[in-house]
4 protein chains.
Amino acid sequence: MADGNRAVVFANPQDMQVENLDFPKLEMPDGAKAPHGVILKIVATNICGSDLHIYRGSFPVPQGMVMGHEMTGQVVELGSDVTFLKEGDLVSVPFNVACGRCRNCRARRTEICETTNPDVACAAYGFNLGNWQGGQAEYLFVPYADFQLLRFPDKDQAMEKIRDLALLSDILPTAFHGLMEAGAKPGSTVYIAGAGPVGRCGAAAARLLGASCIIVGDYHKDRLDLMKQNGCETIDLNEDVPLTDQIEAILGEPMVDCAVDYVGSEAHGIGREAGDMDPAHAINQVMDATRPGGATGIIGVYGPDPLAESKAEQEGTFPLDFGKAWIKSPRISGGQAPIMHYNRELMMAILWDRMPYLSDMLNTKIISLDDAPDAYATFDKGASDKFIIDPHGLIPA
Amino acid sequence: MADGNRAVVFANPQDMQVENLDFPKLEMPDGAKAPHGVILKIVATNICGSDLHIYRGSFPVPQGMVMGHEMTGQVVELGSDVTFLKEGDLVSVPFNVACGRCRNCRARRTEICETTNPDVACAAYGFNLGNWQGGQAEYLFVPYADFQLLRFPDKDQAMEKIRDLALLSDILPTAFHGLMEAGAKPGSTVYIAGAGPVGRCGAAAARLLGASCIIVGDYHKDRLDLMKQNGCETIDLNEDVPLTDQIEAILGEPMVDCAVDYVGSEAHGIGREAGDMDPAHAINQVMDATRPGGATGIIGVYGPDPLAESKAEQEGTFPLDFGKAWIKSPRISGGQAPIMHYNRELMMAILWDRMPYLSDMLNTKIISLDDAPDAYATFDKGASDKFIIDPHGLIPA
Amino acid sequence: MADGNRAVVFANPQDMQVENLDFPKLEMPDGAKAPHGVILKIVATNICGSDLHIYRGSFPVPQGMVMGHEMTGQVVELGSDVTFLKEGDLVSVPFNVACGRCRNCRARRTEICETTNPDVACAAYGFNLGNWQGGQAEYLFVPYADFQLLRFPDKDQAMEKIRDLALLSDILPTAFHGLMEAGAKPGSTVYIAGAGPVGRCGAAAARLLGASCIIVGDYHKDRLDLMKQNGCETIDLNEDVPLTDQIEAILGEPMVDCAVDYVGSEAHGIGREAGDMDPAHAINQVMDATRPGGATGIIGVYGPDPLAESKAEQEGTFPLDFGKAWIKSPRISGGQAPIMHYNRELMMAILWDRMPYLSDMLNTKIISLDDAPDAYATFDKGASDKFIIDPHGLIPA
Amino acid sequence: MADGNRAVVFANPQDMQVENLDFPKLEMPDGAKAPHGVILKIVATNICGSDLHIYRGSFPVPQGMVMGHEMTGQVVELGSDVTFLKEGDLVSVPFNVACGRCRNCRARRTEICETTNPDVACAAYGFNLGNWQGGQAEYLFVPYADFQLLRFPDKDQAMEKIRDLALLSDILPTAFHGLMEAGAKPGSTVYIAGAGPVGRCGAAAARLLGASCIIVGDYHKDRLDLMKQNGCETIDLNEDVPLTDQIEAILGEPMVDCAVDYVGSEAHGIGREAGDMDPAHAINQVMDATRPGGATGIIGVYGPDPLAESKAEQEGTFPLDFGKAWIKSPRISGGQAPIMHYNRELMMAILWDRMPYLSDMLNTKIISLDDAPDAYATFDKGASDKFIIDPHGLIPA
């Protein structure tokens, strides 16, 4: 057994570091024994767009916190109350930490577990939401393992598809959740705001579920190219043309059945205002782009933002065009995705080769732990890669 | 056959008048023939809280428009393509005008019919939404009658319960819709913002569907008394105590499963700010009062409001605490209710005596057409009555 | 701590006995340690209609098995991995034994837990489904306690309503599930086949959820009287008139929106054939009574029945009128109810006094452990009581 | 305007004939005027598996009835109350005749329209269900045209994809409905009983909606080959191996999430019994193949069958293994599909090229009206073609 744990930690805004920490224990953040927990040897652990909120300093976390909430790993140690997993199992970790025992978990709402975060009903690894250490590391402690972990049925088969399966921990189910909240189904027309990794997963998930016209909007040409090459229509938000006009040019009507905001409050304007921050821009655009009776998913993160310019936004209040939208009978859903709601089914779709376009659309790149700090900087500049850290060099080239 | 049509018309803000108009024809607002339409002799036609938006001038309508969108009546004339109704049938008119033939109507979304309002996909009688004359009158033209009208199975039985059945045209199904959008079901805890007639119908509907703790908040003591006497908990919003604290005092936790805003943008603050207009107050309060994973219905009307103080609100933009709520995975739904989705089932509940508390909670008062202008003024001051106009003196005392 | 455990055990068909057994341990049926389990001191444990299948011998169980699957009790001992319960908590036990960790439990389908019964994916206490001892006893071992148990928020308040709350372990949520599977909602017309305790709970649940016309059919006059006195219509199945004609006489049309079979394969015919066993009678009647587009719930138990007359029925094959029903677009759902899906909400409805008619409709009678064998015989004759065993004399008169 | 109407009519079992009839009128079957109707010039009209029930004589129809219920055509004449269609529009006709005005149509249940068939609440063209003439003809009368018809947005684009779009009238939405009733979603494992045209559409629809493992069972090698070449697993039912064993060999477990019966009561046994009729075989097989908690769709037609051997089956009673399935919490849905529920979205999926495999899987073959009688005989022998009649020679090669 290893006796240390090399990990990516938050030092300061714009400053991630790789440090050597202690090997994790079967213990809760408050030090209580965790007979329901396991230790994982990490096989793949991705850098997520929401890690950039921490990197930039807009989501404050304690110095020294281990980063990372998108983990796939192998069980190396089990608590006494873990019954249905065994050593060597290869598993995907849902980024939400969830007990499986509270009212919300019983109702499949693991993204708002009532017990794993003492402050708000929402916990995550590597995110200052319940003091859970992250998994951009060699090893990770996972509580409530029997409940939480998704076991791959065949390890060898899974290692062959690990670049795709690594997305099950967060962004593929998260993106899918956005579409479900927006009411997407076979034949729907869909607008996807933002072609970062989650938005690109949204486009891939929209293809999987049989959406008809899938339109993706972004500012980065290389991201949009990935979309265009894989069956999507694209909108360049640098163009000084209203979004609904651009949609109409593609679709024949100025709005879609379902629209999802994969951007959040670090949004910019459109056209001549593309350089300006406009925290409510993305959410107002997706509301505007949704047809009467359609629905809107808000996957992009909103919240009290200490770096926002206005006091209102610092407290989590945004100027929303809800009065404009009201006549259209809008339905708007936000919040984190309950990964467990979707990860098994999406795993099945990947294992049966129903998403052959996934790696292409995501543009996944395997890196080492030591490469991670640089990858944060590259990703922050809007690169079209999805970085997967391979801490033990286990992923085949 | 009558040759005139006495009706309540909008003259100016704060000034409704009774005028003698021409008997209606089987014709659309643009003059086209309407073989699918009928003429109704009105039996009951209610004054609605949303009529007050017109009365106050915040929802502009043309001078001379006939008011009213909550009608119950008797068929007196039928177009050549009306097959399933016959002269003498007593029917309830859903306030949404809907063709039954467009994409949205086919999908049961009659509140956003694509054809009955040339401007936005949302039409209503007496509301400057598609140029439909209202029904606070002796007679009314209704298009697409076979599709739209709800026929009462037994006319005599219906006349006995007409005070309750008259609510099927709008506020009872509307209130029920708010609860459905908020995910209410047997055992749910519910917060109802506003004890006007729609909010009171919301409380009654919550009882019907088996909600557990039903909490109603308002500023008017007599409205709250109607609620307290009929199985609800109440919150006096004049008290200078945060809403969530008041909920906690009743329920043991500071939030409910489902919350519905029955107020809209003509809202006031709470406690010391109860006298001040605060257009986003009600919506922010219901978001705040909803537990993580709960849902929020926005039945109160929002929209571009020419009388609002700020330019943003004039255009329909409101400062919403969506960033505060995001971590709770909120689902927020707004818009008009598709009455046809609910009116038949609610009629059945009334006919089988499952809402014996309804009249008590609503405090219905029957008036004549000539009493209507005064009733607007009384209602505008926050009276706890629900006014039902009986233009022909047909309702038994 | 007690050192024994008096319990009702199955000796032979028609022969239940009270025996003194060992105090239960925190151990699974196969002897494995159960750190996730608790021991309960039983406060209320009911005799269920499905216990009669065992009593009559049609559902074979091993000699000496402790009977009972409807338990309410107090936590007296906790395993090392029970975190969210504490000694003294008063809890309701869902009759389904469920691990909370398998694919089905994660999807809220606790009635088909994949791990708690090695043979079929369906486990229950006191039922030879997974070797779980029953709870008609002084004490009971419950595994996966944090996940499974429903804690009453206030013990004193709960003891005052214990006759109603004791129904949460099985028959009230089970009955409610039947209505959900049948698509019941406010305003629905409902037919309830069978006025035994589950059927009577079905009628009570239909009232709770706002059904309009609730029709109950049975052969026993005193059972039907309980229904008639509490807001239901009734049909005496001894009358030699087709069911649909009797429904039409009440409702004006020969069918209902939703029908639920609360009888199962120990059914009899109607009218002149009321004395004859006819295993598919109840299910065929509810299919026949359901309107086109309506749905049918099959809560009554069907299965391979060793006591059935025909070989087909012994193997679980029944002559169903599915070809007759097909043109009506039937939806038919069977199986055990996932209690955890409903018990918290129904508890809330009881605690907030929304089912004041429940005790009346159920006609609950509190008995001692020693009275239980006789109560089985009385119940088997069609008594209109619901027997609740109070092993420690804790229930106030 | 044409003055005659050449059409395929039923002469006798095994004997279809092409006859010259009168040009249709805007009249209902009872002779009443139909201002809501249109006359279509037929562009494509398919032979359906359910037409074979008529061909074989198991579904009796009057001599001389025009066959056909799968029509695509061009509007050539409009009634006075048709507002939203115009001459020249190319439209798809849902096979269900539906008024759009009754309780069921208002609730989107057009397959059980209460008014278009005086006998049972279920009407169809060319099917002795309401006396509607079929559309295997040059021209067709369609009532309630504004409500019923699906207009293709661009006629030229539509003519290019007409082989696929012609399936929207029945079998593609019907197949999709079966999957919806079986609860299929992205990642589901699916078993499809029967690789006739509807079953093949089921496999194609399962691909569209992102199902993972799609298994199709049939007796005809060439039908199975079409499936294997297009991303499905196949089971040859001539093999003398239980179905669940064959599923296990493919999937690693002996059952699927969702199973759909696309066969109906003209089923055969498996393996050595493959030559024998066994009317309940298909339905019992799909119930058996469905996992606990899964759902089963019954698209294959069941009903009183005058040609069945047993009296029970003649009356519509079948020996179903419901007692065997009950412990698995089955949900079983049957009946015709409400085409309008799905056809618009599936049209969008086709127009945006999301089903490139559809023509391949269906193996569509265009024939003339005069070829139709022979095509019935060929199809009856189990050919792997889907025949589309092109009465006016309008479909490009």
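The values are calculated or read from the model by the stated rules, or taken from the named source; none is laboratory data. Fair warning: this is a prediction, and the values are worked out from it, not measured in the lab. As a convention, Cβ positions derive from the backbone with ideal geometry for all residues, glycine included, and neighbour counts pool all protein chains shown.
The helices (runs of 4 or more DSSP H) located wholly in the range B:159-269 that include 2 or more residues which are within 11 Å of chain C (Cβ to nearest Cβ) and under 22 Å from the mean Cα position of the chain (by Cα) occupy B:171-181, B:197-208.
Does the range C:360-373 contain at least one residue that is free of Cβ contacts under 8 Å to residues at least 24 places away in the same chain and in contact with a helix residue (DSSP H, G or I) (Cβ under 7 Å, 6 or more places away or on another chain)? Within the range C:360-373, one or more residues are free of Cβ contacts under 8 Å to residues at least 24 places away in the same chain and in contact with a helix residue (DSSP H, G or I) (Cβ under 7 Å, 6 or more places away or on another chain).
Under the condition of being of a type outside the set (D, E, K, R) and part of a loop (DSSP other than H, G, I, E, B), which residue from the range B:2-22 is modelled with the lowest pLDDT? Once the filter is applied, the top-ranked residue is B:A2. Of all residues in the range B:247-261, none satisfies being within 24 Å of A:S265 (Cα to Cα) and in contact with a Phe, Trp or Tyr (Cβ under 8 Å, 6 or more places away or on another chain). In the range D:76-94, the residue that is surrounded by the fewest Cβ atoms within 10 Å (Cβ to Cβ) out of those that are assigned to a strand (DSSP E or B) and away from chain B (no Cβ under 14 Å) is D:V76.
One residue stands out in the range A:56-95 among those that are at pLDDT 95 or above and among the aromatic types (F, W, Y): the one that is farthest from the chain's Cα centre (by Cα), namely A:F84. Across the range C:30-47, the number of residues qualifying as outside any strand (DSSP E or B) and touching a Ser or Thr at 6+ places or on another chain (Cβ under 9 Å) comes to 3.
Kindly evaluate B:G73 against the criterion of being part of a loop (DSSP other than H, G, I, E, B) and not assigned by TED's automatic domain parsing to the domain that holds B:L307. Considered against the rule, which asks whether it is part of a loop (DSSP other than H, G, I, E, B) and not assigned by TED's automatic domain parsing to the domain that holds B:L307, B:G73 comes out as no. Would you confirm whether any residue within the range D:113-134 is crowded, with 24+ Cβ neighbours inside 10 Å, more than 14 Å from chain B (Cβ to nearest Cβ) and part of a strand (DSSP E or B)? So far as the range D:113-134 goes, yes, one or more of its residues are crowded, with 24+ Cβ neighbours inside 10 Å, more than 14 Å from chain B (Cβ to nearest Cβ) and part of a strand (DSSP E or B). Among the residues of the range A:146-198, those identified as among the β-branched types (V, I, T) and under 30 Å from D:G252 (Cα atoms) are A:I162, A:I171, A:T174.
Identify, please: which residue in the range D:344-370 is among the acidic types (D, E) and farther than 18 Å from D:L179 by Cα and is, among those, nearest to the other protein chains (Cβ to nearest Cβ)? The qualifying residue nearest to the other protein chains (Cβ to nearest Cβ) is D:D353. Just wondering, is there one or more residues in the range A:23-36 that are away from chain C (no Cβ under 14 Å), in contact with a Leu (Cβ under 8 Å, 6 or more places away or on another chain) and at pLDDT 95 or above? Yes, the conditions are met somewhere in the range A:23-36. Looking at A:G323, A:G293, A:G300, which one is buried (at least 19 other Cβ atoms within 10 Å of the Cβ), small (G, A, S) and within 23 Å of the chain's Cα centre (by Cα)? None of the others qualify; the one that does is A:G300. Checking each residue in the range C:96-105 for being surrounded by 22 or more Cβ atoms within 10 Å (Cβ to Cβ) and facing chain A (nearest Cβ under 9 Å) picks out C:C99, C:G100, C:R101, C:C105. Taken across the range D:193-201, residues that are crowded, with 24+ Cβ neighbours inside 10 Å and within 30 Å of D:P35 (Cα to Cα) do not occur at all.
Hey, can you tell me all the residues within the range A:332-343 that are at the interface with another protein chain (Cβ under 7 Å from one of its Cβ atoms) and either among the small types (G, A, S) or under 14 Å from A:S92 (Cβ atoms) (or both)? Within the range A:332-343, A:S333, A:G334, A:G335, A:M340 meet the criteria.
With the requirement that a residue be among the hydroxyl-bearing types (S, T, Y) and either out of contact with any helix residue (DSSP H, G or I) (no Cβ under 8 Å at 6 or more places or on another chain) or within 9 Å of another protein chain (Cβ to nearest Cβ) (or both), what does the range D:280-316 give you? Hits for the range D:280-316 are D:Y302, D:S310. The residue that is surrounded by the fewest Cβ atoms within 10 Å (Cβ to Cβ), counting only those in the range B:135-147 that are over 18 Å from the mean Cα position of the chain (by Cα) and assigned to a loop (DSSP other than H, G, I, E, B), is B:E138. Here is a check on your reading of the model: is C:S80 in the same structural domain as C:L369 (by TED's automatic domain parsing) and closer than 28 Å to D:G294 by Cα? It is false that C:S80 is in the same structural domain as C:L369 (by TED's automatic domain parsing) and closer than 28 Å to D:G294 by Cα.
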